[in-house]
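Below: the structure, in structure tokens.
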Amino acid sequence: MHSNAVQTDQSVLQSALQKFSRVRRTTERICEPLETEDYVPQPIIDVSPPKWHLAHTTWFFETFILSKFLAGYRPFHSRFGHLFNSYYNAAGDRVSRDQRGFMTRPTVREIMDYRRYINEQMTRLENGLSGENPEELLPLLEIGCQHEQQHQELLVTDLKYILSCNVIRPVYHQTQLPAGREKKPHYLVVEEGIYPIGYSGTDFCFDNEQAPHRVFLQPFSVRNTLVTNGEYLQFMQDGGYRDFRHWLSEGWATVNAEGWQSPLYWEQEDGQWFEWTLSGRREVDLHAPVTHISFFEAAAFAFWSGKRLLTESEWEAAARQLNPAMTSFNSLDEWFLHPLPAAGGQENEVLQLFGETWQWTNSAYLPYPGFKIADGALGEYNGKFMMNQMVLRGSSCATPADHSRPTYRNFFPASSRWQFTGIRLGLFN
């Protein structure tokens, strides 16, 4: 019996390490189109240099796995922990977030050497396991892979911002986007009732999805498609950015302070609107979902249109009930890296829940009832950010496929625009 148990554990570890290798390769695939100079800039505090993402995700495995579970492990570099720690106070000192772009050294080549070294050391875990609690290895290995997948999405969106700041407009990749066609939206009813919220399965989820509970919801309606560029353009042409009546107070102050007149990456030339994409500048597709907008803009559009944003509980209830198969999927795995127009679907199905844009909800990012922050450094992963953030649901065209689920809780400050963020409208019944 004991021998069989060991073999089973070894098989599970081998499978986990195979996933680790796949995730690491995907990160490097994202970087294949880059030149060395692309890895360094940090135009704004929200955007991290690509080489920092490559090193930080590597530091995560070194700090939380290899240093604890690999017998005789030797760190790659004694100062990399200081350079590539993000926000884990329990893990030691770190470089200020707004100074990551000042790191000319280590070089990109050295960071790639660092990644190779850690990858090689991780393969040794099958034969060199140590530590007082080896049963903790597999959960940490899983969260390390999930963490790197989150950074894959950040890497894509950060690259888009970095390249957009260059007046020669470098193109990240060439892709042919499907042509958009008009799909008339309609609203689907979710009846009054008590609905389950939060993750209760056996696969991986983040701690902020845990503590499943029930909520009572009044009847409401949800739009079957995302708001399009064409609809948002109508808001702009109707003076949406110039009329304070549509805006929350802080949103109106932000609009005026930042000079916003359109979504991020839009620009007008000779009366025609264009948008910057990772495939270069394109005419705005009026049928594609509007994206790169803040919560403030989403809320203003909803008010202008006579609708509202859903709460996160309403969004989850609608997703479970009206699209349990999670169709309409366009993600990082598909490699379009741009939201696509709505297509297909049944009359009673909510489309574009996953794989196009994250959808702002009207819910502040707060802990679920019964939520507990884990012990140790990984307890800093989510819980300490549960203030001054708004929840987004769904997933975007830059999200890895297995990060799309009805319970996933993304969160950003209300003014954030550099992610693929969009609008799902609702109605009180």
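Every number in this text was worked out from the coordinates using simple rules, so none of it is lab data. Computed from a prediction, not measured in an experiment: that's the story for all the values here. All Cβ positions, even for glycine, are placed from backbone atoms using ideal geometry, and neighbour counts span all protein chains on display.
Under a model in which nothing but the beta-carbon of Lys, Arg (+1) and Asp, Glu (-1) is charged, the chain shows a dipole of about 300 debye around its Cα centre. The Cα trace of region 2-164 gives Rg and Dmax of 16.4, 58 Å, the first to one decimal, the second as a whole number. Here the relative contact order of the chain, from alpha carbon pairs under 8 Å that lie six or more residues apart, stands at 17 percent. Modelled label positions at Trp335 and Asp402, each set 7 Å beyond Cα in the direction of Cβ, lie 2.0 nm from each other.
For the residue pairs Lys307/Lys372; Lys68/Lys160; Lys183/Lys307; Lys19/Lys384; Lys19/Lys372, the C-alpha atoms sit more than 25 angstrom apart in Lys307/Lys372; Lys68/Lys160; Lys19/Lys384; Lys19/Lys372.
In terms of packing, defined here as the mean over residues of other Cβ atoms within 10 angstrom, the peptides 23-29, 274-280 line up highest first as 274-280, 23-29. Using just its DSSP H runs of length 4 or more, each adding -39500 (n - 2.57), the chain gives a mean residue ellipticity at 222 nm of -10000 deg cm²/dmol after division by all residues. Considering only Tyr87, Ile111, Met122, the residue lying farthest towards the positive end of the dipole of region 19-132 is Met122, judged by Cα position with unit charges set on Cβ.
Positive end of the dipole of region 187-428 (Cβ unit charges, origin at the Cα centre): among Val350, Trp273, Phe412, the Cα lying farthest that way belongs to Phe412. Panel values: the chain, Kirkwood radius from alpha carbon pairs, Stokes-Einstein at 37 °C and 0.692 mPa s, translational diffusion coefficient 143 µm²/s. Summary value for region 222-355: 31 percent relative contact order, contacts being C-alpha pairs under 8 angstrom separated by 6+ residues. Cβ-to-Cβ counts within 10 Å put Glu135, Glu191 in ascending order as Glu135, Glu191, the fewest first. Net charge near Tyr114, counting Lys/Arg +1 and Asp/Glu -1 over other residues with Cβ under 15 Å of its Cβ? Once all neighbours under 15 Å are counted, the net charge is +2.
Taken along the Cα-to-beta-carbon direction at a fixed 7 Å, the label points for Thr123 and Ala364 span 5.0 nm.
With distances taken between every two different alpha-carbon atoms, region 187-428 has a Kirkwood hydrodynamic radius of 18.5 Å. The residue list Ala300, His246, Pro185 was ranked by how far each Cα lies along the charge dipole of region 179-314 toward its positive end, using unit charges on Cβ atoms, and Pro185 comes out on top.
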